[in-house]
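Below is one structure, written out as structure tokens, with a few remarks after it.
The values are calculated or read from the model by the stated rules, or taken from the named source; none is laboratory data. Note that this is a predicted model, so its numbers are computed, not measured. No Cβ is skipped: glycine too gets one built from the backbone with ideal geometry, and neighbour counts run over all protein chains shown.
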Ligand code: AP5
Ligand code: MG
């Protein structure tokens, strides 16, 4: 079983590359952002709580997302590997994930970290905001708030996995296909 974290700031291409990776490798894709947006669309109490944070570009509390992840792992006992997208986002989430995977006698194999300049991130997200309908893409202020949350809380996730030598940085600028090929090369090395 191979479990991968696709790591990177908002707009770095995690969702775009995840779609291609799950098609090729048949991983179970777990995007906490997508799960939270489904909860919002279904107007659940979890979704209503999460929306307050997401609309401001802030992270949702750890216990909320860790609970969701635990549920998805339990619901997919047959998965041949998980691709985590947008999770973990804090050191506490990383530790919780390691514990949950350990209970299943597995672990994170690789953290693939997409690197993209801040100017390019803002440009991509403002552009997507023209059509995405995502409330956190609507203006530069919220987009910058997401990037600040990433710097203050999420970069610690890469530091956490570096101590286990699991992090590989991949340049996330250039064509989608070129970036995909770089990611595949690293995954194939682990298979
Ligand atoms: P989430 O949904 O995870 O969003 P994000 O990480 O902020 O980033 P995006 O999904 O916007 O970007 P991406 O890296 O997937 O890039 P994409 O492929 O879309 O989280 C949203 C919110 O939910 C958070 O702010 C938080 O509130 C909450 N949340 C989620 N998970 C949480 C957690 N674990 N803990 C706490 N809170 C959590 O690409 C972006 C754009 O760029 C697209 O338009 C795409 O077409 C374009 N693009 C992609 N690749 C390229 C390329 N190579 N060249 C040019 N353009 C490209
Ligand atoms: Mg995404």
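Assorted remarks:
- Filtering 60, 64 for residues that are part of a loop (DSSP other than H, G, I, E, B), surrounded by 14 or more Cβ atoms within 10 Å (Cβ to Cβ) and either without any contact (Cβ under 8 Å) to a residue 40 or more places away in the chain or at positive phi (or both) leaves a single hit, 60.
- Of all residues in segment 23-33 being in contact (Cβ under 8 Å) with a residue 24 or more places away in the chain, assigned to a helix (DSSP H, G or I) and under 18 Å from the mean Cα position of the chain (by Cα), the one that is farthest from residue 94 (Cα to Cα): 25
- From the list 98, 85, the one residue that fits, being modelled with pLDDT of 95 or more and either crowded, with 18+ Cβ neighbours inside 10 Å or closer than 14 Å to residue 9 by Cα (or both), is 85.
- Pick from segment 16-39, criterion near ligand 2 (Cβ under 9 Å from one of its atoms) and more than 12 Å from residue 180 (Cα to Cα), ranking: surrounded by the fewest Cβ atoms within 10 Å (Cβ to Cβ): 34
- Test: residue 133 is exposed (fewer than 14 other Cβ atoms within 10 Å of the Cβ) and more than 16 Å from the chain's Cα centre (by Cα): yes
- Residue 10 meets each of the listed conditions (1) in contact with a strand residue (DSSP E or B) (Cβ under 7 Å, 6 or more places away or on another chain); (2) within 16 Å of ligand 2 (Cβ to nearest atom); (3) outside any helix (DSSP H, G or I) apart from (1).
- Top-ranked residue in segment 1-15 [being surrounded by 19 or more Cβ atoms within 10 Å (Cβ to Cβ) and farther than 24 Å from residue 105 by Cα; ranked as farthest from ligand 1 (Cβ to nearest atom)]: 9
- Of all residues in segment 88-133, those being touching a residue at least 60 places away in the same chain (Cβ under 8 Å), near ligand 1 (Cβ under 9 Å from one of its atoms), in a loop (DSSP other than H, G, I, E, B) and closer than 20 Å to residue 29 by Cβ number 2.
- Scanning segment 67-86 for residues that are without any contact (Cβ under 8 Å) to a residue 60 or more places away in the chain and near ligand 1 (Cβ under 10 Å from one of its atoms) gives 68, 69.
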